[in-house]
Structures are given as structure tokens and as C-alpha cells.
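Here is the structure we will look at, set down as C-alpha cells.
The values are calculated or read from the model by the stated rules, or taken from the named source; none is laboratory data. On a predicted model such as this, the values are computed, not experimentally measured, just so you know. Ideal geometry is used to build each Cβ from the backbone, glycine not excepted, and the neighbour counts take in all protein chains shown. Please note that ligands, DNA and RNA were not included when accessible areas were found on the heavy atoms of the full protein model with its side chains. Shrake-Rupley method; radii C 1.70, N 1.55, O 1.52, S 1.80 Å.
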Amino acid sequence: MRDQWREPVIVLRLGDTDLGFDVPGRREDGTVEGTRRVRRFFRTILRGIGRAVMSVFLLANGGAAGRPFQREVAVSGPANAMALGLADSLRSLRGPWIVFSPAGVAVVDTGSTFVDPADAPPPRIVWQAREPQAPAVRFAKRTLTWPDGSVFRFSLHGRGEDQHLRKFVEPLGAVHWNGRPE
């Protein structure tokens, strides 16, 4: 990406891509409302049974009752939000990475992380936005915000990614695209 965009980049591995949605016209799992009703009916029944069993299990083992299968809302905004392009592209990825530059954002897929690196497919760009359509990035809150007000909250793969990000971003939000000065 650095060679293609001809500017410095920050590359981070994305964490959980099982996103929750708060967008009119989308269900909580991101599917479009009004489609696949029969499948949705049976899935709802199975999910209800699973939640009941899990709640009983948690109560019997001293855990708190609640909603164990609750998705964390990661995409919010108006109907047909601009963030949906990014969120929809993440659904089928096996090894998602997010790439930031001063003038753009991209999502790259490296395939499954369980394969031998020698057998892994080449990385491919699945989504990108450049200035002026690029969303505003807030590294401290891990959000991308589009002009229409839609927001995508991303999580990182682990502590190592958080530490890598700290090499570029100061606590108050200043970004050093070539690394923080020593």
C-alpha cells in the first residue's frame, strides 16, 4: 500500500469481524431486513434456545444472567450509511487488516492465518477510500466517521496491535506517520 499510495501507512490487524449494526433497514447482524424470512425464523428459534441454555448454565455456575450472544454495535448511522460499504466487505474476510495513510483508508485480506505462510494467497485490497471520500479517523476511540454521520468502530486483533499503534499515535491523538521520535 505504501508503494501504491506513495505515502506513509499504518497497518493494523483487525479483531472480531462479527459486527453489530444500528442502521435503519439492517438487522442487528447486518443482514437486510425483509430478506430470508424462513431462514431467519428458524435461526431465531435456535438462538433463543441457545440463549436459554447459556443463561441457565451461567446462573448454575455463579455467573450473571444476561445476553451472552449480544453483539457489540460497531456500525451505526442513517439508512444507506456510507459505513456499510466497509462493514459489508469485512463479512467474508479470513485475515482482515486495516491500512491508514494521511489521505486514505483501506482494508486488505491476507486469507486464513492458519495456513503455512508459504501457501497463503497474496494480499488483496477489498475496500478503500481516498480523500475526499475517506472517513475521519480517531485512533484513540478506534472509530471511522463518514460525512453522513455513520460510524464504524473497529477492534484490533490483540495487545500486540495496540502496542504497534502506540508507536505512531500519541495519547492526545497526534499521529506520527513515520513513527514517534525517540
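For region 15-41, how many residues are more than 21 Å from Gly77 (Cα to Cα) and at pLDDT 85 or above?
1
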Can you name every residue in region 160-182 that is part of a loop (DSSP other than H, G, I, E, B) and of a type outside the set (A, V, I, L, M, F, W, C)?
Lys167, Glu170, Pro171, Gly173, His176, Asn178, Gly179, Arg180, Pro181, Glu182
Based on this model, can you work out whether Ser55 counts as at pLDDT below 90 and buried (at least 16 other Cβ atoms within 10 Å of the Cβ)?
yes
How many of the residues in region 7-35 are touching a helix residue (DSSP H, G or I) at 6+ places or on another chain (Cβ under 9 Å) and farther than 30 Å from Arg142 by Cα?
0
Among the listed residues Val126, Val75, Val108, which satisfies the condition of being free of Cβ contacts under 8 Å to residues at least 40 places away in the same chain, open to solvent by less than 70 Å² (accessible area, probe 1.4 Å), in a strand (DSSP E or B) and within 27 Å of Val32 (Cα to Cα)?
Val126
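Residue-wise test of (1) farther than 27 Å from Gly25 by Cα; (2) at pLDDT 90 or above.
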| residue | (1), (2) |
| --- | --- |
| Gly85 | no, yes |
| Gly95 | yes, no |
| Ile98 | no, yes |
| Gly104 | yes, yes |
| Gly111 | yes, no |
| Phe114 | yes, no |
| Arg142 | no, yes |
| Asp148 | no, yes |
| Gly158 | yes, no |
Which one is most open to solvent (accessible area, probe 1.4 Å) among residues in region 28-52 that are closer than 30 Å to Thr110 by Cβ and in contact (Cβ under 8 Å) with a residue 12 or more places away in the chain?
Glu28
Condition broken by Leu12, with the remaining ones in (1) in a helix (DSSP H, G or I); (2) touching a residue at least 60 places away in the same chain (Cβ under 8 Å); (3) of a type outside the set (Ser, Thr, Tyr) satisfied
(1)
Can you find a residue that is modelled with pLDDT of 90 or more and in contact with a Pro (Cβ under 7 Å, 6 or more places away or on another chain) anywhere in region 124-140?
yes
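Where residues in region 146-159 are in contact (Cβ under 8 Å) with a residue 40 or more places away in the chain and outside any loop (DSSP other than H, G, I, E, B), which of them is farthest from Pro78 (Cα to Cα)?
Step one: of region 146-159, the residues in contact (Cβ under 8 Å) with a residue 40 or more places away in the chain are 146-158.
From the residues that got through so far, the ones that are outside any loop (DSSP other than H, G, I, E, B) too are 151-153, 156.
Values: Val151: 10, Phe152: 12, Arg153: 15, Leu156: 25 Å.
Looking at residues that are in contact (Cβ under 8 Å) with a residue 40 or more places away in the chain and outside any loop (DSSP other than H, G, I, E, B), I get Leu156.
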From the options Ser92, Ser55, residue that is more than 18 Å from Leu156 (Cβ to Cβ), part of a helix (DSSP H, G or I) and not acidic (Asp, Glu):
Ser55
